[in-house]
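Step one of this worksheet: look at the structure below.
The values are calculated or read from the model by the stated rules, or taken from the named source; none is laboratory data. Source: prediction; values computed, not measured. Here the Cβ positions follow ideal geometry from the backbone for every residue, glycine too, while neighbour counts run over all protein chains shown.
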């Protein structure tokens, strides 16, 4: 669970930084146009125009994207930390429409922010199936390449802790 939370936080941080950069580009672009035009510096004028156009059209879109990712993070937290398992509970908790909550849960599952659940469109149920154990054919870990050490049920990687069945 912790790794998935880190992934969504990392994605949210990237979106915020991108939104700030594009917003600053819009603000910086206008003075660059003025300086480039008055001093006849065509490169500065071109950069100013590009910054202004990208900022003018991109700023609203990127901030909307950031807001959507922030709501997605709240939905993921509601499922993974608050243990809310129905679309209705999530929607009430976050004060959003049921359809929107359903879409965010589906997105969270698709991006693997929400794991360990099966979603039928309205209810999340814990996945009771055990992941199949990997068979090994060498003395190297299939996940990290580290050395495997024999234990009572198979082999365990001494570096990453992955477990594998006997050959």
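Worth pointing out:
- Verdict on residue 86 being more than 15 Å from the chain's Cα centre (by Cα) and under 30 Å from residue 129 (Cα atoms): yes
- Taking first residues from region 94-122 that are without any contact (Cβ under 8 Å) to a residue 12 or more places away in the chain and partners that are surrounded by 13 or more Cβ atoms within 10 Å (Cβ to Cβ) and part of a helix (DSSP H, G or I), the Cβ contacts under 6 Å between residues at least 6 apart in sequence or on separate chains come to 98/87; 98/91.
- Qualifying residue in region 67-84 (condition: farther than 24 Å from residue 7 by Cβ, at pLDDT below 95 and not in a helix (DSSP H, G or I)): no
- Subset of region 18-62 [touching a residue at least 40 places away in the same chain (Cβ under 8 Å) and crowded, with 17+ Cβ neighbours inside 10 Å]: 19, 22, 59, 62
- Residue 104 assigned by TED's automatic domain parsing to the domain that holds residue 21, surrounded by 12 or more Cβ atoms within 10 Å (Cβ to Cβ), under 16 Å from the mean Cα position of the chain (by Cα) and part of a helix (DSSP H, G or I): yes
- Residues of region 63-93 that are farther than 17 Å from residue 8 by Cα, surrounded by fewer than 17 Cβ atoms within 10 Å (Cβ to Cβ) and free of Cβ contacts under 8 Å to residues at least 12 places away in the same chain: 83, 92.
- Hey, residue 115 in the same structural domain as residue 25 (by TED's automatic domain parsing), assigned to a loop (DSSP other than H, G, I, E, B) and either surrounded by fewer than 13 Cβ atoms within 10 Å (Cβ to Cβ) or touching a helix residue (DSSP H, G or I) at 6+ places or on another chain (Cβ under 8 Å) (or both) or not: yes
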